[in-house]
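The values are calculated or read from the model by the stated rules, or taken from the named source; none is laboratory data. What you are looking at is a predicted structure, and each value in this text was computed from that prediction instead of being measured. Cβ placement follows ideal geometry from the backbone for every residue including glycine, while neighbour counts extend to all protein chains displayed.
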Amino acid sequence: MREKETTLYFGPQHPGITGNMMVKLKVAGDTIVKAETHVGYLHRAFEKLMEQRTWMQSFPIVCRICVPEPDPNEENLARAVEEIEGREVPERAKYIRVMVLELSRLAAYFLWMGGQAGTAGLYTVPQWSVGDRDYILDLFEELTGGRIYHMYIWAGGVRRDLPGGFPDKVLRTMDYIESRLPEYDKLMFENAIFQKRAKGIGVIDKDKAMEWGVVGPPLRGCGIQHDVRKDEPYEVYDKLDFVVPTYEGGDIWARAMVRRKEMEQSISIIRQVIEKMPGGEYYNKVPNPLNWYVPPGETYVKTESARGEFGYYVVSDGSLKPRRIHVRGPAYVHGVSLLENILVGANISDVAMIMNSLGVCPPEIER
Amino acid sequence: MNKNLYNENQTIEEIKNTFHTAEIKLQRESRIIVKLRSDLIPPFLSYAKNYLAFNHLAHFSCVDWIEDNEFELVYLLYSYEKNIVVIAKTRISRDKAEFVTIKHLWRQAETYEREIHEMFGINFTGNDRLNEFILEDWDDIPPMRRDFNTIQFAKDNFYTRPGREDAQDVRETITKKSGEKIPDFAKEFSVRNLK
Amino acid sequence: MEINWSAVLGIVFTPVIAFLVGVTYGGLTRRITARIQNRFGPPFYQNILDIIKLYSKESNINHGVMQHLGPVFAITASVTTLFFIPVIKDSPVFTNFSFNGDLIFLLYIMVFGSLGMALGAGQTGNPNSAIGVSRGLSQLVGYEVPFVMALVAIMVQFQTTSLNDLLAVQDHFTKWIIFQSPFAFLAAILAFLGMMGYAPFDVVIAPAEIASGPPSEFGGKYLGLMLTSRSIFTFAKLVLFTDIFLGGAHDFITLIIKTFILYMIPVLTGIVFPRFRTEQSIRFFWSWPLFFGILAILVVVF
Amino acid sequence: MFNDKEASKIVDIIKNFARKHSLWVVAYGTGCGAIELPPTMTSRYDAERFGIRGSATPRQADVLLITGYLSVKTLKRVIRTYEQMQEPKYVIGFGSCTINGGMYWDSYNTIKALDRYLPVDVYINGCMPRPEAVISGFIKLQQLISEGKADGAKRYRENLEWYRENQRKVIKNWRMPEYNW
């Protein structure tokens, strides 16, 4: 007997959706027959706006592309401008950038942890982890003046030097966060019901993962060890000692474990950065931002964000304003073509969990 | 960082032997730019994917060169084995904005094509899902084209609250309204003084 | 005909007390949960304010007759359930309508509210409600089986179906049924977890999955009625369990202590567990709780 | 004991007190401001202290929090969500971009002034507002409610024509049910 199909609109107004987007589900009983992603609810025309702004005015725009962790965007644009211009960055700025990037990765993982547990119905973890994430946001606030949007990394270096006593504060926060991790293990990662919910759900085919454009933790959750930080080391990642954790399985559980292990790596990277950070200038002399001509050229830069490879294709035509900045967010592939495929055959209970574990973030799909 | 460019040179050699008309440039380590005739793009992509192990479609972009009356389509392929990004570019006419789909090679290309169809109005033959993706009920010219004026569009369609017609200095406005003094140190950072 | 004034008093006051206690327990739960989650949480009377606000909201939606009747069914069922449970042992006021066959009657009437809600939610036409209802009914089947088994074991063991007789048996705390028939208690308390609808068995309202499920089309006074009914029903279930397993209570303070301890079991479980999927939840009820239920019957029979 | 007027006054006070301390926010993150809602709702800032709580569906909600810019596509859904909510209902405009477009003043896809399309009770400015600012916005709303000044829904009903005209100007393909409550 064939069950009657119903159409279920998962979003845009839905507590389980990750941001403002919609997944249109065709459901037979509890099983999904067809999924269709609808995005565009957050389209602000950033790429068009950046063609209207100068290069430096584009920095406040790019950080709004990815709300949970804006820094990879700034990093990308800064590195693109530097690469086209051939501008040198002081060593200290590179270390500060790595520290900021890793802090933002850690913050994004804490937010993800809250989301993953919240969609599974474990409401204590989001309360804890979002609260703990705030300690990292406090560091950002002291360093950059903003909790969410930092506008800190820019072409030629970073905007400000570290305030006095900042490295100690970072180390203290890292100690605190590291001491909290075992508690999350007990409550979430070792929780039998969470494991039951996560194992074997939302499986990505290992053989097809690369071809399908899977990046970041979902790719490493398939047991494939690739990370932009290792493949094409930017800033000072080649001088730091860290491993890229992988996990076999390709399901929600594998992706969760990859992220869990990466948190420890991030903490260790931040400690190394603070230990090795040299003195000196934190930015090189740059032209007046209102009169900053970037020579013609093009480049593709990429950064490893918490959700995978973040790429910018930047074209300059030698004028004050960018010719084209095209953003490739990791969620662009994860949230549309991949999600539509792995949702088929899944249970409706797992839609929100799968979306969260893939890190679907609509603002970077539509910009 | 000085790395030997063995992989890069070998890849360039292989591409050169297969596609004689390709203009190949080594931009820097692990970035190769390949310019091709538009009809060679599908065979090139298929060749790169199947024989050169460029199996990750990192990005697919489009640039509007309105002064040449051309669109530039940019395919960025990445090889995990060789650790190289190949930037394959081609130009098509702006008047007859049409190209073929590469959906059969990478299924995620469908999403990129939908976006570029919507933003630039390029039609991809063979892609049957070029429906509304990001915009809804859009009836103007595709917004990412250079001749679309977003400021004019915003002015015509949306009510704008008065008060931001010119680049006002926030501090001066506050002073005018409430009589609060601008501190001296802040004056030199005022927008007017920067000009 | 002589009117039994104390009984009338009981009928008037029992629902009110049940509502107040239930709603305060709800508020306290939110506060206790908040403390575990590293925050302060709302005041304990928050749920009362919520319910007053919901009653004062307009509700101009009409999805048909059953939408109006659903919450009414629910509250009728909870109040009726409450009336057939002796709240205070041997008290002339709060014995209410408990008569000899009441356990079997209670088993029936406790399901009635869920069915009413299911009908009401089904009429709203919201697919989330429909899914929530089907989940709720499948889970009902899940936990009802071990619960009935536990009750049957007790009925067989004490040769009675009357709550008053059961209360009379447990005159000393060593004779509480929890000690006399522990397997029945285990089966019943696990079913009780499912009945209360806290995590991991909150598949019915699962916000991240089906946007709060059956009540998703109900706002304003309908939701207010539902919350009221839930408060009363919570209290009714707690009293029922206290009466069956913990020897009932002679006065209100004992009652409050016993029901509160009982109530904390699902609450505290809920804080540290995520939600089951529906079929996992049913499979759970049909494994250990069912096993304990069968064991309880076997122990009694042999 | 009381005459009708006094009695209704007392009822109003009780009603407003309950409404004020029980604000359920519909779970709809319309813009990037939604990222500050988890901190607001969770352990550090704990908005539940003030009775602020999320609600899953618009039928049960009191407050529509517009977290940031609205693209035209979202505006349509937001209007639908707003009209599904039951009175009394309040709208909070969150972030500079709801006030005058903020940094998206020249974008072709976002509206620039929210109060042309929906009746806004409280604006919270900033890009983005901190959780403290969000909570202070809610407290401002509570004040307005207890003074009986948060009458957005009434304004919407009375000036429906004007709002509809503005909405239709932006939303080209108008397929919406009638607003009748």
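Test A:Ala28 against the criterion of being in contact (Cβ under 8 Å) with a residue 12 or more places away in the chain and away from chain C (no Cβ under 14 Å), and give yes or no.
no
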Report summary line: Across the stretch D:24-39, the tally of residues that are surrounded by fewer than 24 Cβ atoms within 10 Å (Cβ to Cβ), in contact (Cβ under 8 Å) with a residue 60 or more places away in the chain and either of a type in the set (Ser, Thr, Tyr) or more than 8 Å from every other protein chain (Cβ to nearest Cβ) (or both) stands at 1
Query raised in the report: Cβ-Cβ below 6 Å, separation at least six or inter-chain, first residue in the stretch D:163-181 and within 14 Å of chain C (Cβ to nearest Cβ) and over 14 Å from D:Ile111 (Cα atoms), second surrounded by 11 or more Cβ atoms within 10 Å (Cβ to Cβ) and modelled with pLDDT of 80 or more: which pairs?
Result: D:Tyr179/D:Glu83
Report task. Tell me, yes or no, whether the stretch A:81-96 has at least one residue that is away from chain C (no Cβ under 14 Å), closer than 23 Å to A:Leu358 by Cβ and surrounded by 24 or more Cβ atoms within 10 Å (Cβ to Cβ). Result -> no
Query raised in the report: Out of all the residues in the stretch B:62-84, which are within 16 Å of A:Gly311 (Cα to Cα), part of a strand (DSSP E or B) and in contact (Cβ under 8 Å) with a residue 24 or more places away in the chain?
Result: B:Cys62, B:Tyr75, B:Leu77, B:Tyr78, B:Ser79, B:Ile84
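Quick check on my filter: what residues within the stretch C:169-193 are in a helix (DSSP H, G or I) and crowded, with 20+ Cβ neighbours inside 10 Å?
C:Ile177, C:Phe183, C:Ala184, C:Phe185, C:Leu186, C:Ala187, C:Ala188, C:Ile189, C:Leu190, C:Ala191, C:Phe192, C:Leu193
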Query - Only listed residue being assigned to a helix (DSSP H, G or I) and under 25 Å from A:Asn20 (Cα atoms), chosen from D:Arg164, D:Arg175 - result: D:Arg164
Query raised in the report: Restricting the search to the stretch B:31-61, which residues are within 20 Å of the chain's Cα centre (by Cα) and not in a strand (DSSP E or B)?
Result: B:Leu36, B:Arg37, B:Ser38, B:Ile41, B:Pro42, B:Leu45
Report summary line: Cβ pairs under 8 Å, 6+ apart or interchain, first in the stretch A:330-341 and surrounded by fewer than 24 Cβ atoms within 10 Å (Cβ to Cβ), second in a helix (DSSP H, G or I), ordered by first then second residue, are A:Ser337/B:Glu110; A:Ser337/B:Thr111; A:Leu339/A:Ile354; A:Leu339/A:Met355; A:Leu339/A:Leu358
Requested in this report: Output the residues belonging to the stretch D:44-54 that are surrounded by fewer than 21 Cβ atoms within 10 Å (Cβ to Cβ), within 10 Å of chain A (Cβ to nearest Cβ) and out of contact with any Asp or Glu (no Cβ under 6 Å at 6 or more places or on another chain).
Outcome: D:Gly54
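So how many residues does the stretch A:212-227 have that are assigned to a helix (DSSP H, G or I) and more than 10 Å from chain B (Cβ to nearest Cβ)? Before you say what the answer is, go through the steps one by one.
Taking the stretch A:212-227 first, the residues assigned to a helix (DSSP H, G or I) are A:216-220.
With more than 10 Å from chain B (Cβ to nearest Cβ) added as a condition, the list becomes A:216-218, A:220.
Matching residues across the stretch A:212-227 total 4.
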Report summary line: When the stretch C:119-132 is checked residue by residue, the ones that are assigned to a helix (DSSP H, G or I) and either surrounded by fewer than 24 Cβ atoms within 10 Å (Cβ to Cβ) or at positive phi (or both) are C:Leu119, C:Gly122, C:Gln123, C:Pro127, C:Ala130
**Report entry** Positions within the stretch A:247-268 being within 17 Å of the chain's Cα centre (by Cα) and within 28 Å of A:Val158 (Cα to Cα), in sequence order
**Finding:** A:Arg259, A:Glu262, A:Met263, A:Glu264, A:Gln265, A:Ser266, A:Ile267
Requested in this report: State all residues of the stretch C:20-33 that are within 14 Å of chain D (Cβ to nearest Cβ), out of contact with any Phe, Trp or Tyr (no Cβ under 6 Å at 6 or more places or on another chain) and either closer than 12 Å to C:Ile48 by Cα or not polar (S, T, N, Q) (or both); if no residue qualifies, say none.
Outcome: C:Val23, C:Gly26, C:Arg30, C:Ile32
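Working only within the stretch A:332-352, note down all residues that are within 14 Å of chain B (Cβ to nearest Cβ) and not in a helix (DSSP H, G or I). Reasoning before the result, please.
Step one: filter the stretch A:332-352 for residues within 14 Å of chain B (Cβ to nearest Cβ), giving A:332-342, A:344.
Within the stretch A:332-352, A:Val344 is the sole residue that qualifies.
Per-residue answers, yes or no, for (1) within 18 Å of the chain's Cα centre (by Cα); (2) in a helix (DSSP H, G or I); (3) among the polar types (S, T, N, Q):
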position	(1), (2), (3)
A:Arg133	yes, yes, no
A:Ile136	yes, yes, no
A:Leu139	no, yes, no
A:Leu162	no, no, no
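Scan the stretch D:77-88 and give yes if some residue there is more than 16 Å from the chain's Cα centre (by Cα) and within 14 Å of chain C (Cβ to nearest Cβ), otherwise no.
Of the stretch D:77-88, the ones more than 16 Å from the chain's Cα centre (by Cα) are none.
No; the residues of the stretch D:77-88 include none that is more than 16 Å from the chain's Cα centre (by Cα) and within 14 Å of chain C (Cβ to nearest Cβ).
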Query raised in the report: Out of the stretch A:272-306, which residues are buried (at least 18 other Cβ atoms within 10 Å of the Cβ) and charged (D, E, K, R)?
Result: A:Glu298, A:Lys302, A:Glu304
Report task. Could you tell me whether the stretch C:23-30 includes any residue that is charged (D, E, K, R), outside any loop (DSSP other than H, G, I, E, B) and surrounded by fewer than 16 Cβ atoms within 10 Å (Cβ to Cβ)? Result -> no
Requested in this report: Determine which member of the set B:Glu118, B:Glu136 is within 15 Å of the chain's Cα centre (by Cα) and of a type in the set (Asp, Glu).
Outcome: B:Glu118
Query raised in the report: Considering the stretch C:198-215 alone, what residues qualify as being surrounded by 24 or more Cβ atoms within 10 Å (Cβ to Cβ), more than 13 Å from A:Ile348 (Cα to Cα) and at the interface with chain D (Cβ under 10 Å from one of its Cβ atoms)?
Result: C:Ser212, C:Pro215
Query raised in the report: Of the residues in the stretch B:123-157, how many are assigned to a loop (DSSP other than H, G, I, E, B) and either crowded, with 21+ Cβ neighbours inside 10 Å or on the phi > 0 side of the Ramachandran plot (or both)?
Result: 7
Query raised in the report: Out of all the residues in the stretch A:109-131, is one or more more than 30 Å from C:Ser281 (Cβ to Cβ), within 11 Å of another protein chain (Cβ to nearest Cβ) and in contact (Cβ under 8 Å) with a residue 24 or more places away in the chain?
Result: no
